[in-house]
Amino acid sequence: MDLEEAKEFKERCTQCAAVSWGLTDEGKYYCTSCHNVTERSKEVINTGAIPNTKIQAINRGLKRKRKLERGWDWYVCEGFQHILYQQAEALKTLGVGPELKNEVLHNFWKRYLQKSKQAYCKNPVCRRKVTVLEDNQSHSDWDSEPELLSDFSCPSFVESGTEPQPDGLAQKPFPISKASQSETASICSGSLDGVEYSLRKEKGIVKMTVPRTLAFCYLSLLWQRETVTLSELLRFVEEGHIPYINAFQHFPEEMKLYGRDKGIFAIESWPTYEDIYKKMIEIAKFLDLPRFPDITEDCYLHPNILCMKYLMEVNLPDEMNDLTCQVVKMTGVGEVDFLTFDPIANMAKTVKYDVQAVAVIVVVLKLLFLLDDNLEWSLSNTAEKYNENNKEDKPWFDFRKWYQVMKKSIDEKKQEWEEARAKYLWKSEKPLYHSSIDRAVAFKRREMVVDLQKQFSTLVDSTPTVGRKKPSSFQFNWAEGDAARTCFHGHSLQGILKNKGQSLTTKNSLYWLSTQKFCRSYCKHVTTYEESNFSLSYQFIINLFAFLLRIKTSFLHEEVSLIEKRLFKTKYSKTKKKSSRSRKGRKY
Amino acid sequence: MSDFSEELIRSKTEDDQEESCVLSGTGMYFPWLQKHIDTVETGGKKEKDFAQTTSACLNRIQEALLKHQWPQAAGYMHSYFQILEDSDSHKRQAAPEIIWKLGSEILFYHPKSNMETFNTFADRMKNMGVMNYLKISLQHALYLLHHGMLEDANRNLSRAETWRYGEKSSSQEVLINLIQAYKGLLQYYTWSKKKMELSNLDEDDYAYNTASQTMLNHSWKTSVNLGALIQTPGVWDPFVKSYVEMLEFYGDQDGAREVLTNYAYDEKFPSNPNAHVYLYNFLKREKAPREKLISVLKILYQIVPSHKLMLEFHRLLKKSEKKDHHKLGLEVLFGVLDFAGCTKNITAWKYLAKYLRQTLMGNHLAWVQEEWNSRKTWWPSFHFSSFWAKSDWKEDIALACEKALVAGILLGKGCRYFRYICKQDHQVLRKKIRRIRKSVKKHSIVNPGL
């Protein structure tokens, strides 16, 4: 056959001058009499015949692959469900109530499947019925029979196996007959609908992505009014307490991933606050969720409580809590209606609870110390002098000392964090590949990397890297007595406050606004945070908090401006008339 | 304001710098790595955190290497390997070379590393991507050489030599040549050891014959190996030298001359002073005519006017019969002394003093003036300042005397250097100084009428 194909090549052999050519496996000509191989290959000479042979080759290759990679038949949404399941389990281990998994997240997910017409509806997408599949791995944990494609739909979210909702709409899943399943439909993905899923673009439907799993988690946390803020959730993800990157690794062995699944499930970026926040609102709207349970004063997410938490976190005096409460009250950001998330409301938006609380603290710090690189230091001098002379009394809060302690701690933490980021290993143990051709290469590459890593791991510093941190909502730990970690919680604000009649006011009567003007339209750039325009103390504080929440500094600055806008409403309307007046007196 | 607020300011500016560094891509500048980083395009898409991790990791490895923190570097390297799985094919393809360079550096210095780890690493890296095999093989061999493992190095080079990969191998011809040449160099080494042994043996000895036979054998292989490389344009000093030595040993003078002439004169080769030095030395050994030697050194003079052979060149020119060679002889001396590294070369000064007198006596004032005109603005302060007078006198009286004579001739007896030396009352040298005074009076180009 090869000789047949080589007939068109009529040149003489450079070695033996014979004209008798055969084709090598690579499509090159070789002389059948002297076995000299030419550089000329078949493609160049005869393009007409090539496409066919190529297609044949691909077909052959794929058939082989299908045999190799035949796992369970599974749908993309099941993959996401598995990730959600893992995340919910992880949250449960973190101490979140079991209802979150069994009821809230489960219901949200079901609602999602229904809204996106993937299940629990009359005409599911692709006609093929997609239902919640049994999760083999999770069940084996509870010593139940692992059963693929069980006869009754049993959502894996519910451990007990009781059906939480009459699944009247949900049809029973049937084993997909391999014959009816055309080979081409799943040619390039391990999941049944991977190819089609990645192509699917339906207006009005929010497509599931891995980052959106976190939005689902946060929505359920918010619904349950759990003591986890979004920034904390993302930090837990970052610290590896909640499965996210390479979550597909923990899929059951038989759920094969490749081809298009890679684009769907492989993640190579950390989730960002803003992104997940947006996605959360988007999903809540898509799911058409009712108003969430009220955030009242005794909720963790209420600014008063969060402020307290962050004051403790950044080692500021407890006494400041009175001031933060006052600011919260004056600005009205503690109102139930303001705080409660209502997706159906006209302008669905939710409060960034953690960012807002931190912004309130920044405003209070500005009220107390002005943060103009001047007043805070002179107040520190006074406090230092007082503390030296009155060693017995409750010490006055010394901003400079606090700065020293915080600067050191935050720098260390930041360094640690940067190091961890630089060393983070992104790639999963299961390599993902695009097609069968890639498969061997991907596995070989993985093997190579593992091998090299093994070799170098013996050369790494002998001091073991700090083991996995225990999950905690606090990142710092302040202790009385330790000079480097001095605790300022008990320090008093005397010297900064003064009595005025019955109430206390700040000695400092000046204030400067972080933002002079706001756009009147709803355009997003309320403020642009140009660092160099601000005092160094302010920069330090903004950086400190932004790092704690792992958000961009400009994002926090914007929130500070919004709080100030509420606090100085009247002044803002005045400044609109008298255009530039940054410093202004203010009574408290 | 207090110290601490200043600290805040200070630390801030430091942070700023750090930030700008981060923005520019790396904290440090490694041209060869930077190129790799810069050529990799993100394709307009938002850079993934994976890419951030790997680039941060790379920076940290470089920093650790710079600070000789080998274990830290190894720690980051451990994570950097994942770039081999980067979905960006540009980065993935550039990675093996970077990994090899950094990794071999770490393994070279790391206290816990040994030959075995290095060899395993090298063997692994060689087979990663087609294009790296030869380069890494060669560097691996050099590493082995460094550790005195000649045989292993040789084995490595032999393996690399026979490596072929379809069309790719033709593009790496130079590398193959280089590998062969290194192999040749190793053979040369054995050969020259054998030669040493041979010189200790008696010619009638039975062993002599076998030894010379093996030597011959080696030389033949070596010339094959070296021959190909030195045909390709480049700087191949050690190879050329050993090749020529062997050719000469076996009496192939014509072959040696051809190689050296080609190496020195072929325009495709980069300009290389050593090529001319080798040729000159060879011709000198051959007792070539003076004219020929001068023509070789003339080119060397154009490339490196301060070369130590220039004094020899001067002697040759002086001996020549041609007038323009005499003139060039003066030029060469002035040229040598233009260089800061030669200011204390007593021979050069001695030659100049002598030759100046000779030239002036030969009524070639114009030659001297021609040379002097371009130098009179800066030589006085460069050579003849009172500082130099003092320090030369202190360090090397003979040098000071020669310089004083030159200074006197060129600048007249009023010049500071000359006056200072003459003022020194030295018993032994009194006579000499008197002689200097006399010849200055006679030859000084300043106010020649007096």
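When you scan segment B:125-134, how many residues do you find that are buried (at least 18 other Cβ atoms within 10 Å of the Cβ) and within 11 Å of another protein chain (Cβ to nearest Cβ)?
Result for segment B:125-134: 2.
Residue by residue through segment A:260-289, note down the ones that are of a type in the set (Gly, Ala, Ser) and within 14 Å of chain B (Cβ to nearest Cβ).
Within segment A:260-289, A:GLY263, A:ALA266, A:SER269 qualify.
Output the residues belonging to segment B:63-79 that are buried (at least 20 other Cβ atoms within 10 Å of the Cβ) and touching a residue at least 40 places away in the same chain (Cβ under 8 Å).
Residues satisfying the conditions are B:LEU65, B:TRP70.
Within segment A:422-433, how many residues are over 19 Å from B:ALA51 (Cβ atoms) and within 10 Å of chain B (Cβ to nearest Cβ)?
Total satisfying the criteria: 0.
Take residues that are without any contact (Cβ under 8 Å) to a residue 60 or more places away in the chain and farther than 24 Å from B:LEU365 by Cα and tell me which of the helices (runs of 4 or more DSSP H) falling wholly in segment B:376-450 contain 1 or more.
Passing ranges, in order: B:386-395, B:397-411, B:416-423, B:430-443.
Quick check: is even one residue across segment A:545-556 modelled with pLDDT under 75 and surrounded by 12 or more Cβ atoms within 10 Å (Cβ to Cβ)?
No, that holds for no residue.
When you go through (1) within 14 Å of chain B (Cβ to nearest Cβ); (2) more than 19 Å from B:THR54 (Cβ to Cβ); (3) surrounded by 19 or more Cβ atoms within 10 Å (Cβ to Cβ) one by one for A:PHE397, which number turns out not to apply?
With (1) within 14 Å of chain B (Cβ to nearest Cβ); (2) more than 19 Å from B:THR54 (Cβ to Cβ); (3) surrounded by 19 or more Cβ atoms within 10 Å (Cβ to Cβ) applied to A:PHE397, the lone miss is (1).
Take the residues of segment B:31-62 that are of a type in the set (Lys, Arg) and surrounded by fewer than 16 Cβ atoms within 10 Å (Cβ to Cβ): which is modelled with the lowest pLDDT?
My answer is B:LYS35.
Condition test on B:ARG315, is it assigned to a helix (DSSP H, G or I) and more than 23 Å from B:SER295 (Cα to Cα)?
no
When the residues of segment A:327-371 are filtered to those that are over 25 Å from A:MET312 (Cβ atoms) and crowded, with 19+ Cβ neighbours inside 10 Å, which remaining residue is farthest from the other protein chains (Cβ to nearest Cβ)?
In this case the residue turns out to be A:THR340.
If you take the residues in segment B:44-87 that are among the acidic types (Asp, Glu) and part of a helix (DSSP H, G or I), which one is farthest from the other protein chains (Cβ to nearest Cβ)?
B:GLU63
Does segment A:216-252 hold any residues that are within 12 Å of A:LEU91 (Cα to Cα) and among the polar types (S, T, N, Q), and which are they?
A:SER220, A:THR227, listed by residue number.
Let's see how each residue does on (1) within 30 Å of A:ASP288 (Cβ to Cβ); (2) in contact with a strand residue (DSSP E or B) (Cβ under 9 Å, 6 or more places away or on another chain); (3) in a loop (DSSP other than H, G, I, E, B); (4) modelled with pLDDT under 95:
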site	(1), (2), (3), (4)
A:LYS203	yes, no, yes, yes
A:MET208	yes, no, yes, yes
A:ARG225	yes, no, yes, yes
A:HIS241	no, no, yes, yes
A:GLN249	no, no, no, yes
A:LYS262	no, yes, no, yes
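Note down all Cβ pairs under 7 Å where the first residue falls in segment B:267-294 and is surrounded by fewer than 16 Cβ atoms within 10 Å (Cβ to Cβ), the second is among the basic types (Lys, Arg), and they're at least six residues apart or on different chains.
Here the result reads B:ARG290/B:LYS319, each pair linking segment B:267-294 to a residue that is among the basic types (Lys, Arg).
When you check A:ASP411 against the structure, is it at pLDDT 85 or above and either touching an Asp or Glu at 6+ places or on another chain (Cβ under 7 Å) or among the polar types (S, T, N, Q) (or both), yes or no?
No; evaluated as a whole, the condition is false for this residue.
The values are calculated or read from the model by the stated rules, or taken from the named source; none is laboratory data. Since the model is a prediction, treat every value here as computed from it, not as a measurement. Note that we place each Cβ from the backbone using ideal geometry, even for glycine, and neighbour counts take in every protein chain shown.
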